[in-house]
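Student: Starting off with a structure, shown below.
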Amino acid sequence: MAKTQKPFTELDDDTILTKPRNKSTKRIFIAATRMNDGKTTTSLALFAALRTLTQNVGFIKPVGQRFVEMQGHQVDEDSVLLNQIFNVTTPIEAMSPIAVHSTFTREFLDNPNQSHALLIDKMCRAFDRAAYKNEYIIIEGTGHAGVGSVFKLSNADVARDLNAKVVIVARGGIGRPIDEIAMNKALFDQAGVEVIGAIINKVEPDKLEMVDKYCRIALERMGISLLGCIPIEHKLTRPNLNQIASEVNGRWLNGQKEGGRERVDKVIIGAMAAKGLVDFLQPGVLIVAPGDREDIILAAIAAEGIAGKRMLSGLVLTRNVEPHPKLMDMISKTRIPVVICEDESYGVASKINNMTVKTQPSDADKIPIIKDLITKNIDIDVIRDAFKADD
């Protein structure tokens with residue numbers, strides 16, 4: 001159990017903090033070698049795993065670049081996500097103290113010394129509140145070790161200032177992730193920060209054993225423990241229709257309430273005759289076609305009518321061509337999710353296939369999968385053992 005320290009609200013207002021007052025909470029900083037390597041997924045899963053050891057687990061993302069407005073504060077999306085999933089009792093502003101908005105860097109460089117002192121103070125106060133009465137705290141970084149250097153808040157700087165131990169997450173493979181981990185470790189070493197382990201994420205399932213074997217050998221030479229390798233889970237990469245509508249800047253014509261969370265496994269461009277489309281009408285399939293392809297729309301409506309249930313994930317109508325009003329009336333009587341957008345069909349399909357799918361608070365179906373991946377593939381004892389010398 002963490003020792004008692006002053007809560008966030010009782011700190012002296014006239015004191016400028018350069019370090020957190022909290023000395024007892026065990027800090028785990030989650031860094032990554034690149035964007036979209038899996039920091040947030042790892043943070044979520046480790047939070048859940050630590051909750052099996054103790055309920056006293058906190059979270060903070062000190063520097064955030066993707067944020068939303070909440071309760072008058074700019075709050076990082078990942079803090080919102082974790083807060084809503086786990087119902088963390090920490091005030092949301094303490095979980096996301098610094099939001100890097102569009103003019104943030106310029107404002108900092110105009111007055112770097114004063115700005116830096118105020119940012120460190122804000123971060124330390126928020127950390128003390130987020131860590132209050134907690135035995136562990138997950139600190140999620142932003143990108144690789146050097147991100148944020150321009151305003152003196154790189155991941156290495158933040159991990160040092162918060163006295164945290166680092167876990168590095170890298171994308172699956174052997175050569176490239178090891179090289180990237182070595183480069184990131186060098187920055188953490190320079191800052192005097194201990195790297196306690198690495199996670200190789202998004203590994204092809206049939207290569208899991210091989211990647212684990214050789215990454216373990218390579219990392220051991222660098223003095224880093226391999227916490228484990230996590231296989232690719234394609235269910236985590238599948239977008240839902242609300243995400244697709246946002247990606248293609250589309251608007252809903254039908255079925256958003258029921259179909260917005262419908263996940264898409266496969267995208268089919270409706271370039272063939274309607275009779276050739278019948279074989280593709282099945283759950284998980286999204287049809288992309290111009291709005292004047294009435295034959296394809298009618299085929300989808302007919303298939304649903306015959307089956308008595310939704311036979312595909314949805315339709316994206318392109319070139320901003322709305323179906324004839326009589327056809328729209330038929331669509332409105334179905335449960336088929338329909339989105340319309342301005343782009344042509346191949347451009348839309350390309351955007352969807354290249355989407356980076358982030359976990360969202362509404363993705364309740366993903367959370368058990370994420371927890372299971374960590375439980376089965378990551379050695380939590382290595383993390384616990386890294387703090388034994390500090391007890």
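Student: In nanometres, what is the gap between the two model label sites at ASP265 and LYS23, each 7 Å from Cα along Cα-to-Cβ?
Tutor: 5.7
Student: Write down the percent of antiparallel bridges among all DSSP beta bridges whose residues are both part of region 241-353, to the nearest 5.
Tutor: Numbers: 3 of 15 bridges.
Once the DSSP bridges in region 241-353 are tallied, antiparallel ones form about 20 percent.
Student: Right, here's the next one. Let's test the formula: R0 of 51 Å, r as the Cβ-Cβ distance of ILE16 and ARG251. What FRET efficiency results, to the nearest 0.05? Please report the intermediate quantities before stating the final value.
Tutor: Details: r = 49 Å, r/R0 = 0.96.
With a Förster radius of 51 Å, E is 0.55.
Student: Considering only THR356, THR25, THR237, give the residue with the highest GNM mean-square fluctuation for the chain, with springs between Cα atoms whenever their separation is below 10 Å.
Tutor: THR356
Student: Let me ask something additional. Mind telling me which of ALA130, ALA164, ALA289 comes out most flexible in a GNM of the chain, alpha-carbon contacts under 10 Å?
Tutor: Sorting by GNM fluctuation, first place goes to ALA289.
Student: So if I place +1 on the C-beta of Lys and Arg and -1 on the C-beta of Asp and Glu, and nothing else carries charge, what would the dipole magnitude of the chain be about its Cα centre? I want it in debye, nearest 20.
Tutor: On the way: 50 positive and 50 negative charges, 117 e Å.
It comes to approximately 560 debye.
Student: Taking square-rooted eigenvalues a ≥ b ≥ c of the alpha carbon gyration tensor, is region 206-254 rounded, prolate or oblate, where a/c under 1.5 means rounded and, failing that, a/b exceeding b/c means prolate?
Tutor: Values: a/c = 5.92, a/b = 3.48, b/c = 1.70.
Since a/c reaches 1.5 and a/b is larger than b/c, the shape of region 206-254 is classed as prolate.
Student: If you place +1 on the Cβ of every Lys and Arg and -1 on the Cβ of every Asp and Glu, how big does the dipole about the Cα centre of region 241-353 come out, in debye to the nearest 20?
Tutor: Numbers: 14 positive and 14 negative charges, 73 e Å.
Charge dipole of region 241-353: 360 debye, to the nearest 20.
Student: Give the residues of region 154-191 whose amide nitrogen is closer than 16 Å to a point set 7 Å from the Cα of TYR214 in the direction of its Cβ.
Tutor: The answer is 171-181.
Student: Same structure, new question: In whole Hz and in residue order, list the ³J(HN,Hα) couplings for region 84-96 that follow from phi through the Karplus curve 6.51 cos²θ - 1.76 cosθ + 1.60, θ = phi - 60°; x for Gly and Pro.
Tutor: 6, 6, 9, 6, 5, 7, 5, x, 4, 5, 6, 7, 8
Student: Can you grab the distance from the C-alpha centre of region 20-86 to the C-alpha centre of region 87-161, Å, no decimals?
Tutor: With region 20-86 and region 87-161 each reduced to a Cα centre, they are spaced 12 Å.
Student: In percent, what relative contact order does region 241-353 have, based on Cα pairs under 8 Å that are 6 or more apart in sequence? Each step should come with its number before you reach the end.
Tutor: On the way: 216 pairs, mean separation 40.4, N = 113.
Reported as a whole number, the value is 36 percent.
Student: Beta carbons within 10 angstrom, averaged per residue: use that to sort the peptides 247-258, 28-39, highest first. Present the calculation step by step, with values, prior to reporting the outcome.
Tutor: Values: 247-258: 16.6, 28-39: 23.1.
Descending packing order for the listed peptides: 28-39, 247-258.
Student: Take the Cα of LYS133, step 7 Å along the line toward its Cβ, and report every residue of region 69-93 whose backbone nitrogen sits under 18 Å from that point.
Tutor: 86-93
Student: Take the Cα atoms of region 241-353, build their convex hull, and give its volume per residue in Å³.
Tutor: Working: hull volume 9.6 nm³, N = 113.
Roughly 85 Å³ of hull volume per residue.
Student: Oh, and also: With each pseudo-label sitting 7 Å past Cα toward Cβ, what's the ALA49-SER332 distance in nm, one decimal?
Tutor: Reported label-point gap for ALA49 and SER332 is 5.2 nm.
Student: Does region 1-152 come out rounded, prolate or oblate, given a ≥ b ≥ c as the square roots of the eigenvalues of its C-alpha gyration tensor, rounded meaning a/c under 1.5 and, failing that, prolate meaning a/b above b/c? Could the numbers behind the result be given before it?
Tutor: Working: a/c = 1.68, a/b = 1.18, b/c = 1.43.
It comes out oblate by the Cα gyration axes.
Student: Each residue of region 200-214 in order: what ³J(HN,Hα) in whole Hz does its phi give by Karplus 6.51 cos²θ - 1.76 cosθ + 1.60, θ = phi - 60°, with x for Gly and Pro?
Tutor: Taking θ as phi minus 60°, the curve returns 9, 9, 6, 8, 4, x, 6, 10, 4, 5, 5, 4, 4, 4, 7 Hz for region 200-214.
Student: Write down, largest first, the equivalent ellipsoid semi-axes of region 339-391 in whole Å, where each equals the square root of 5 times an eigenvalue of the alpha-carbon gyration tensor.
Tutor: Working: eigenvalues 347, 32, 21 Å².
After scaling each eigenvalue by five and taking roots: 42, 13, 10 Å.
Student: Sort THR105, THR18 so that the residue with the fewest other Cβ atoms within 10 Å of its own Cβ comes first and the one with the most comes last.
Tutor: Working: THR105 13, THR18 10.
Ordered from fewest to most neighbouring Cβ atoms within 10 Å, THR105, THR18 come out as THR18, THR105.
Student: Here is a follow-up. Along the Cα→Cβ direction, 7 angstrom out, place labels at PHE86 and LYS207. What is the inter-label distance in nm?
Tutor: 3.1
Student: Report the antiparallel proportion of the DSSP beta bridges in the chain as a percent, rounded to a multiple of 5.
Tutor: Numbers: 8 of 46 bridges.
Once the DSSP bridges in the chain are tallied, antiparallel ones form about 15 percent.
Student: Between their Cα atoms, which of LYS133/LYS165; LYS152/LYS213; LYS39/LYS213 are more than 31 Å away from each other?
Tutor: Working: LYS133/LYS165 19 Å; LYS152/LYS213 37 Å; LYS39/LYS213 23 Å.
Going by Cα-Cα distance, LYS152/LYS213 fall outside the 31 Å limit.
Student: Another question, then. Dipole magnitude of region 40-96 about its Cα centre, charges +1 at Lys/Arg Cβ and -1 at Asp/Glu Cβ only, in debye to the nearest 20? Please report the intermediate quantities before stating the final value.
Tutor: Details: 3 positive and 5 negative charges, 42 e Å.
Dipole size: approximately 200 debye.
Student: Here's a follow-up. Where does each of GLU107, GLU69, GLU93 land when they are ranked from fewest to most other beta-carbon atoms within 10 angstrom? Don't jump to the answer; show the numbers that get you there.
Tutor: On the way: GLU107 12, GLU69 9, GLU93 19.
Fewest to most other Cβ atoms nearby, the residues stand as GLU69, GLU107, GLU93.
Student: Based on Cα positions only, what radius of gyration and what Dmax would you give for region 185-282, in angstroms?
Tutor: Taking only Cα atoms of region 185-282, I get Rg and Dmax of 21.9, 65 Å.
Student: Only Cα pairs under 8 Å and at least 6 apart count here; give the relative contact order of the chain as a rounded whole percent. It would help to have the intermediate numbers written out before the result.
Tutor: Values: 733 pairs, mean separation 67.0, N = 391.
So the answer I get is 17 percent.
Student: Let me confirm the definition first: pairs of Lys residues in region 241-353, 8 or more apart or on different chains, C-alpha distance under 20 Å. How many are there? Spell out each step's value before the answer.
Tutor: Numbers: LYS257/LYS309; LYS257/LYS333; LYS266/LYS275; LYS266/LYS309; LYS266/LYS351; LYS275/LYS309; LYS309/LYS333.
Number of lysine pairs found: 7.
Student: Taking θ = phi - 60°, what integer Hz values does the Karplus form 6.51 cos²θ - 1.76 cosθ + 1.60 yield along region 312-325, in sequence order, with x for Gly and Pro?
Tutor: Running phi through 6.51 cos²θ - 1.76 cosθ + 1.60 with θ = phi - 60° gives 7, 5, x, 10, 10, 8, 10, 6, 6, 9, 7, x, 3, x Hz.
Student: From the alpha carbon gyration tensor of region 62-155, can you work out the equivalent ellipsoid semi-axes (sqrt of 5 times each eigenvalue) and give them in Å, largest to smallest? Intermediate results must be reported in sequence, preceding the final value.
Tutor: Details: eigenvalues 102, 41, 32 Å².
Values for region 62-155, descending: 23, 14, 13 Å.
Student: Which semi-axis lengths, in whole Å and largest first, follow from the square roots of five times the eigenvalues of the Cα gyration tensor of the chain?
Tutor: Semi-axes from the Cα gyration tensor: 44, 24, 19 Å.
We did not get these values from a lab; they are worked out from the coordinates using the rules stated. In this text the structure is predicted, and so the values were computed from the model without any measurement. Using ideal geometry, Cβ is built from the backbone for each residue, glycine included, and neighbour counts are taken over all protein chains shown.
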